[in-house]
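Below: one structure, written as structure tokens.
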Amino acid sequence: MPTYKAKAIVLNTFKLGEADKIVVMFSGSKGKIRAVAKGIRKTKSKFGGTLEPFSVVDLLLYEGKSLDIIQQAEIIMSFKEIRADLEKYKYGSVMLELIDKVAQEREESYEVFSLVLAALQCLKEADADYQTLLTVFQLKLMAELGYRPHLARCPACGGEVPAANEQALFSFRFGGLICDSCRDKDADAVDVSAATRAQIEQALETPLARWKELDFKVENVRGIARLTELFVAYHLDRKLKSPRFLDM
Amino acid sequence: MYATPISELIDELSKLPGIGPKSAQRLAFHILKTNRAEAERLAEAIVHLKDKVKFCPVCYNVTDEPVCEYCRDSRRDDSVICVVEEPKDIVAMERTGEFQGRYHVLGAAISPIDGVGPEDLRIKELLKRLEDGRVVEIIVATNPNIEGEATAMYLTKLIRPLGLRITRLASGLPVGGDLEYADEVTLGSALRGRREMP
Ligand SMILES: [Zn+2]
Ligand SMILES: [Zn+2]
């Protein structure tokens, strides 16, 4: 059987048969990888805790007919700080689910892979404000996937959008701020405040590792988070399961 | 394509956890080859299971009595409840012979990415059992994997304010494994060495 190597982050696992698991992972070189870890649920398994969600692993895999088989897995980063903190775990779960939903099998995805690693590193080091981090990550992920929100010019007609100090209409369909004369083209467009517009722009300009420098006002975090969530949901065309547990 | 009765059985079997279409096909043809009496015993066993076995109304273990044997036994200690994910984990704990308290079966573990949250677990039922003040310690014996840990952290957040002692099986249990596969020596020492939840 042909083998290959990959560096991947574990997104989720599912029980298979008596003692195996299907491990869903995301790599830069191959996009999403679904592979079987044999015997992993036995307490004496060679895999131990290496293939738990959030772990970043170096893998050796056999190429199988339907599912690949994990031959070796060595842990590079465990992100155990995320797993050991209920708050971080909840926000981290949304990040992993997002990646699980957008990633494709056999599709090189080095940029998205770096982005999610950076986001998890930030989450690991953070001590508050996880919602802001998640929102910035979502915006950057959408940008990486080609859905960077249009903020400067109306994506429907190319015209001027309202001045930066005014509120404006955000259209999920057109992917950004639309001008007043296009407001009839999307009845579902939502109002966004001048502050939220400025924050989206800031978030897109600032490197993820410097997310703490963003001065999102507390009263505004929920608003921008909601907008981003709707934007992501619109483009994913699927509902995420994990965000509704952020308040648990 | 197979004759309808065969594909119907294959369909039903492949709904079982861990059974893919290939295994379902193998099982269906195995059943086809067995004699009628054997096939009837299998069918009857399944129907009996559904008719006779119920969840214990106290701890949600499976039982064919009105209340399960661990809840009935008056010699067991009412002051300690061991919280597990599944009824089969009670079997694993009982094998150690070291636990004399009561049990509570949650029925699942928290996993946001799979859409499983606290309201899908029997947590309200657990809190109800703590109301009369007899319980002084909760031992969280969920699986030593990410979902089990998240469940333990959530229960701690919820129960700590009630002033109870909350402990977790010691880390001697390998991460990633299932509790049901832990041998009784390892599980026994994990129980004895249980630590307070942070
Ligand atoms: Zn326009
Ligand atoms: Zn019971």
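Numerical summary
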| quantity | calculated |
| --- | --- |
| Pair residue B:132, residue B:74: separation of 7 Å Cα→Cβ label points (nm) | 1.4 nm |
| Degrees separating the helix A:86-102 axis from the principal Cα axis of chain A, which is the longest one | 90 degrees |
| For chain B, cysteines whose Cβ has no other cysteine Cβ within reach (under 4.7 Å) | B:59, B:71, B:82 |
| Within chain A, helix-based [θ] at 222 nm, where runs of 4 or more DSSP H residues each add -39,500 (n - 2.57), nearest 500 | -11000 deg cm²/dmol |
| Solvent-accessible heavy-atom area per residue, rounded to whole Å², over chain B at 1.4 Å | 54 Å² |
| Whole-percent pair-distance distribution, where bins are 5 Å wide, for the alpha carbons of region A:44-185 | 2, 8, 14, 15, 14, 13, 11, 8, 5, 4, 3, 1, 0, 0 |
| In Å, descending, principal axis extents of the Cα set of region B:62-168 | 40, 30, 26 |
| J(HN,Hα) series, region A:45-60, from Karplus relation 6.51 cos²θ - 1.76 cosθ + 1.60, nearest Hz, glycine and proline x | 4, 5, 6, x, x, 5, 9, 7, x, 5, 5, 9, 10, 8, 10, 10 |
| Area of residue A:58 that stays accessible when all protein chains are in place (1.4 Å probe, Å², to 10) | 80 Å² |
| Whether region A:12-119 is rounded, prolate or oblate, judged on the alpha carbon gyration tensor where a/c under 1.5 counts as rounded | oblate |
| With every protein chain in place, region B:44-120: carbon and sulfur % of accessible area (1.4 Å) | 53 percent |
| In Å, descending, principal axis extents of the Cα set of chain A | 64, 38, 28 |
| Debye log10 I(q)/I(0) for the protein assembly as shown, one point scatterer per Cα, at q = 0.09, 0.10, 0.13 Å⁻¹ | -0.73, -0.87, -1.22 |
| D (Stokes-Einstein, µm²/s), Kirkwood Cα radius, region A:163-248, 0.692 mPa s at 37 °C | 230 µm²/s |
| Pairs from A:15/A:46; A:46/B:15; A:15/B:88; A:30/A:65 whose Cα-Cα separation, in the structure shown, is over 21 Å | A:46/B:15 |
| Amide proton proximity set for residue B:167, modelled H, under 5 Å, gap of 5+ | B:138, B:139, B:140, B:197 |
| Extension reserve of the residue B:184-residue B:94 stretch, reckoned as 0.36 nm per residue once the Cα distance is removed | 31.5 nm |
| Kirkwood Rh, angstrom, region B:4-52 [1 / mean 1/r, Cα pairs] | 11.4 Å |
| Residue A:214 versus residue A:193: modelled label distance in nm, points set 7 Å from Cα along the beta carbon direction | 1.6 nm |
| MRE, 222 nm, helices only [DSSP H, n ≥ 4, -39500 (n - 2.57), over chain B, to nearest 500] | -12500 deg cm²/dmol |
| Region A:132-178: C-alpha gyration tensor shape, a/c 1.5 cut-off, then a/b vs b/c | oblate |
| Apportionment of accessible area to carbon and sulfur, region A:32-75, percent (1.4 Å) | 46 percent |
| Dmax and Rg, reported as Rg then Dmax, of chain B (C-alpha, Å) | 19.9, 62 |
| Equivalent ellipsoid semi-axes - Cα gyration tensor, region B:1-100, angstrom | 38, 15, 12 |
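The values are calculated or read from the model by the stated rules, or taken from the named source; none is laboratory data. Computed from a predicted model, the values in this text were never measured in an experiment. Glycine gets a Cβ as well: all are built from the backbone with ideal geometry, and neighbour counts include every protein chain shown. All accessible areas refer to the heavy atoms of the entire protein, side chains included, with ligands and DNA or RNA removed. Shrake-Rupley method; radii C 1.70, N 1.55, O 1.52, S 1.80 Å.
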